[in-house]
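S.K.: I have a structure here, written as structure tokens, and I will follow up with some questions on it.
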Amino acid sequence: MDAERERVKLSRALSRVLRHTATRDGVRVGADGFVAVEELRRLPRFATLSDERVREVVGRDEKKRYALRTEARTGALEIRANQGHSLVGAIDDDKLLERVVDWPDGQRCIHGTTRKAWGLIRTDGLRPMGRNHIHFAPGYFGEPHVVSGMRKNCAVFIRLDVEACLREGIPLFRSQNHAILSPGDSRGRISPRFFAHVQDANGKLLVE
């Protein structure tokens, strides 16, 4: 296996444990999502993982999925996933993320999806679908400031009325890699009435 494929494989393994399986694997997770690399090394699949290798994977990740820090008291290296978690009860959104309290005029908040999924979303709204949050991006895939929050194969783009969400108490957060996240309302959804407009990849308006 070449070096790049090995790096991608390791990144996926780190993403899986940091986002989804840490508590099930017996890994201690801070309320802010950080995990000590030494803690990861207790898992057989990461037994030989070096701090240097972790730094390399994080530094070369184009979507900026991870954050690193050095624990002030012990000097130990810690890593977290910036968003995409499905861990329940382990993480405090206000410690992992920055809460959105206002929204600049003209700034976009867009959820990308497939045509198949849009058939249900248009009536039922958006849901986290097994994760802690619904994901949005501050623009379209390929724009320089859009690092994460949208897949490149999206065919339908839903622009969220952020101000309306905030007025009605639907929480929104910003991750360290600039994705916009929301757990939805008390029922875990964002209703279609909060869609400012919806268009397909060709610019055809589906909802306005």
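Coordinate-derived values only; no laboratory data. Since the model is a prediction, treat every value here as computed from it, not as a measurement. Methodologically, a virtual Cβ is constructed for each residue, glycine included, from the backbone with ideal geometry; neighbour enumeration extends over all protein chains shown.
S.K.: Take segment 151-208 and flag every residue that is surrounded by fewer than 16 Cβ atoms within 10 Å (Cβ to Cβ), under 25 Å from LYS63 (Cα atoms) and touching a residue at least 60 places away in the same chain (Cβ under 8 Å).
M.R.: Correct list: ASP200 only.
S.K.: Restricting attention to segment 157-208, which residues are of a type in the set (Phe, Trp, Tyr) and either part of a helix (DSSP H, G or I) or more than 11 Å from HIS133 (Cα to Cα) (or both)?
M.R.: PHE157, PHE194, PHE195
S.K.: Going by the conditions given, is GLY125 of a type in the set (Gly, Ala, Ser), on the phi > 0 side of the Ramachandran plot and touching a residue at least 12 places away in the same chain (Cβ under 8 Å)?
M.R.: Against the criterion (of a type in the set (Gly, Ala, Ser), on the phi > 0 side of the Ramachandran plot and touching a residue at least 12 places away in the same chain (Cβ under 8 Å)), GLY125 qualifies.
S.K.: What residue, among those in segment 1-32 that are farther than 16 Å from LEU87 by Cα and touching a residue at least 12 places away in the same chain (Cβ under 8 Å), is farthest from the chain's Cα centre (by Cα)?
M.R.: ARG7
S.K.: Let me ask something else. Considering every residue within segment 99-110, establish whether at least one is touching a strand residue (DSSP E or B) at 6+ places or on another chain (Cβ under 7 Å), under 18 Å from LEU172 (Cα atoms) and loosely packed, with under 14 Cβ neighbours inside 10 Å.
M.R.: We begin by selecting, within segment 99-110, every residue touching a strand residue (DSSP E or B) at 6+ places or on another chain (Cβ under 7 Å); these are 99-100, 108-110.
Checking which are under 18 Å from LEU172 (Cα atoms) leaves us with 99-100, 108-110.
Narrowing the set further to residues that are loosely packed, with under 14 Cβ neighbours inside 10 Å leaves 99.
Yes, the conditions are met somewhere in segment 99-110.
S.K.: State whether one or more residues within segment 33-52 are touching a residue at least 60 places away in the same chain (Cβ under 8 Å) and surrounded by 16 or more Cβ atoms within 10 Å (Cβ to Cβ).
M.R.: So far as segment 33-52 goes, yes, one or more of its residues are touching a residue at least 60 places away in the same chain (Cβ under 8 Å) and surrounded by 16 or more Cβ atoms within 10 Å (Cβ to Cβ).
S.K.: Does at least one position in segment 1-18 carry a residue that is surrounded by 15 or more Cβ atoms within 10 Å (Cβ to Cβ), assigned to a loop (DSSP other than H, G, I, E, B) and not β-branched (Val, Ile, Thr)?
M.R.: No, because not a single residue in segment 1-18 is surrounded by 15 or more Cβ atoms within 10 Å (Cβ to Cβ), assigned to a loop (DSSP other than H, G, I, E, B) and not β-branched (Val, Ile, Thr).
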